[in-house]
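The structure under discussion appears below in the form of structure tokens.
Every read-out reported here was derived from the displayed coordinates using simple, explicitly stated rules and does not represent laboratory data. Here the structure is a predicted model, which means the values were calculated and not measured. Note that we place each Cβ from the backbone using ideal geometry, even for glycine, and neighbour counts take in every protein chain shown.
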Amino acid sequence: MCVVLHIIICVIPYSQLGCTDMSDKASYIMGDAMIAYGAGAFIHFVLILVSTRLLVSGRETVTQAILAGMRYMGQSMSRLLGLVLIQYFGVTANLSTGHCNYDYYPHLLGVAHVLIPSLLFPAAYALLR
């Protein structure tokens, strides 16, 4: 739900929504800074609670440390993949000159938030076979 709201905030121009006076700072706060961070915190909290119930008694600390290391490795890999995709699609924003290129930003969001996550289920199935 939060990802869909984030895509709607980023892709649909505010004039179509009737929000012609919304600034870039307000859209950043509503999109990246607040919604995405809050959704990530809730998902992380739920994953910790569920995994704690499933772990072997007496080995929770080591297992939680391994899971946290894998989570942070996944975050680093996703940030690296995001940077590669941003460069590939040519999305740039230069604040000093004021030159911005958001021509392929909707395509970037489609690949990063729809296509790549939809490939995770077949990849996990292939690894488990």
* Asked: Say we look at the range 97-129 and pick out the residues that are aromatic (Phe, Trp, Tyr) and assigned to a helix (DSSP H, G or I); which of these is surrounded by the most Cβ atoms within 10 Å (Cβ to Cβ)?
  -> TYR105
* Going by the conditions given, is TYR125 aromatic (Phe, Trp, Tyr) and in contact with a Cys (Cβ under 9 Å, 6 or more places away or on another chain)? -> no
